[in-house]
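Below is one structure, written out as structure tokens, with a few remarks after it.
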Amino acid sequence: MRILFFHRWVGVHKGGTETHIRELADRFQKMAHEVTILTREGNELNGFNPAVKIIRIPKNIGESDHSYEDFRVYIHTLFFMAKAFFKLFCLLTKPGNFDVISVHFFTELWVAKVCVIFKKIPIVFVLEGYTSLEAKAAKFADRKISISSFEAEMYRKNHSLESVVIPIGIDLARFSVSKSSTEHLIHKFAPNKEKIALTVCRLEPRKDLFTLIKAVKYLEEKVNSIKFLIVGDGISRKQIEKEIQVQGLENRILLPGRIDDSDLPYYYACADFFILPTKQEWFGIVFVEAMASGLPIITTTVGACPEVAGECGLYFKSEDHVALAEKIMELSDNNLLLQNLSKCSIRRAGNFDWNKVIKKYEEQYNFLSN
């Protein structure tokens, strides 16, 4: 099967969608499928599986990796769509067309749909979030896949759109790192043997890290034995750094920034539990990474958070920093609860094993290509 993954940001970002596409491409290739990725040029393509063919779309003049943060997103998106249309159209005029085109956002779907009008190449739309624009566009895809039951129900209830539910997978072996191999990180971030509460996410408003900062401030006089580690980068970084300084929490909340993919499992392994105070989540790949690393989870009740983390998590109402602080205290003061939730996480992570999940994706893509 010859599969084209078409997504703007795979070469630029390391968010959940981009990680999902990279894993799908890599695993389809290892299953002897011919895989191509069409994306915008960017640093994240360095070190990619060399057996996966990458076709780059040039960056717009004046475009940054965070151009979606203001009105410029519309200008850059129009230029991207025009250049992507030309590139894809040229690809489809060559011999050996693709059997399936996989898109993960509505702009790419529109471009692909126009390009395949005379080629009759089926399109899979993997829904990685929820908007009315995506719902309208999805009706023109040949197969719809939702990454959570919560997301699928939103599309069904509000737009009568049916989709197959397949979660995002996890490489269990990659995140099976022993804590003893992370002594250098523990010494660096928690030299006095404090517990480490880890957050991994793109630093953007939706993740609501300001609620976490408020919770840490609330705990300042109550709990001194926890260091909070926020891994990632994004458009909110400067604001977050400023707020941490204003609250005088520089020694409690640490921001190492972006880290290499190869280092990520070690950051999970050095932690004691995982926190994500998100305002919305359609899946949350970081939950699965945390569970595969044996970490209990503290997160909000919104979206698919309870669906993914299940009984391995403690939940609080979004934007309620006092409730978050109470959950942190509950977990940090109760080693038995910490151990039980850790065991639960390891068991639950098995439900998302890529070796199982990729077969479900292959079944859907194969159905269209035959």
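Criterion first (aliphatic (A, V, I, L, M), within 30 Å of Asp142 (Cβ to Cβ), within 25 Å of the chain's Cα centre (by Cα) and modelled with pLDDT of 95 or more) does Leu161 satisfy it? It is true that Leu161 is aliphatic (A, V, I, L, M), within 30 Å of Asp142 (Cβ to Cβ), within 25 Å of the chain's Cα centre (by Cα) and modelled with pLDDT of 95 or more.
The single residue among Thr36, Thr19 that is out of contact with any strand residue (DSSP E or B) (no Cβ under 7 Å at 6 or more places or on another chain) and either under 20 Å from Phe85 (Cα atoms) or among the polar types (S, T, N, Q) (or both) turns out to be Thr19. Of all the criteria given as (1) surrounded by 12 or more Cβ atoms within 10 Å (Cβ to Cβ); (2) at pLDDT below 95, the one not satisfied by Glu183 is (1). Restricting Leu38, Leu88 to residues that are among the aliphatic types (A, V, I, L, M), surrounded by 14 or more Cβ atoms within 10 Å (Cβ to Cβ) and assigned to a helix (DSSP H, G or I) narrows the list to Leu88. Every condition in (1) in contact with a helix residue (DSSP H, G or I) (Cβ under 7 Å, 6 or more places away or on another chain); (2) crowded, with 22+ Cβ neighbours inside 10 Å is met by Lys207 except one, and the failing one is (1). Checking each residue in the stretch 146-191 for being assigned to a helix (DSSP H, G or I) and of a type in the set (A, V, I, L, M) picks out Ala152, Met154, Leu185, Ile186.
Residues that are open to solvent by less than 30 Å² (accessible area, probe 1.4 Å) and closer than 15 Å to Phe274 by Cα within the stretch 343-370 comprise Cys344, Ser345, Ala349, listed in sequence order.
Take Ser225 and tell me if it is more than 24 Å from the chain's Cα centre (by Cα) and in contact (Cβ under 8 Å) with a residue 24 or more places away in the chain. Considered against the rule, which asks whether it is more than 24 Å from the chain's Cα centre (by Cα) and in contact (Cβ under 8 Å) with a residue 24 or more places away in the chain, Ser225 comes out as yes. Residue count for the stretch 80-111, restricted to those that are within 13 Å of Phe125 (Cα to Cα) and out of contact with any Ser or Thr (no Cβ under 8 Å at 6 or more places or on another chain): 7. Residue pairs whose Cβ atoms lie under 8 Å apart, sitting 6 or more positions apart in sequence or on different chains, and linking a residue in the stretch 164-189 that is closer than 25 Å to Phe367 by Cβ and β-branched (Val, Ile, Thr) to a partner that is part of a helix (DSSP H, G or I) and open to solvent by 60 Å² or more (accessible area, probe 1.4 Å), are Val165/Ser149; Ile166/Lys360.
Name the single residue, out of those in the stretch 192-204 being outside any loop (DSSP other than H, G, I, E, B), open to solvent by less than 10 Å² (accessible area, probe 1.4 Å) and aliphatic (A, V, I, L, M), that is nearest to Gly234 (Cα to Cα). Going through the qualifying residues, I end up with Leu198.
The values are calculated or read from the model by the stated rules, or taken from the named source; none is laboratory data. These figures come from a predicted structure and were not determined experimentally. Glycine also receives a Cβ, built like all others from the backbone with ideal geometry; neighbour counts cover every protein chain displayed. With ligands, DNA and RNA removed, areas are computed over all heavy atoms of the protein, side chains included. Shrake-Rupley method; radii C 1.70, N 1.55, O 1.52, S 1.80 Å.
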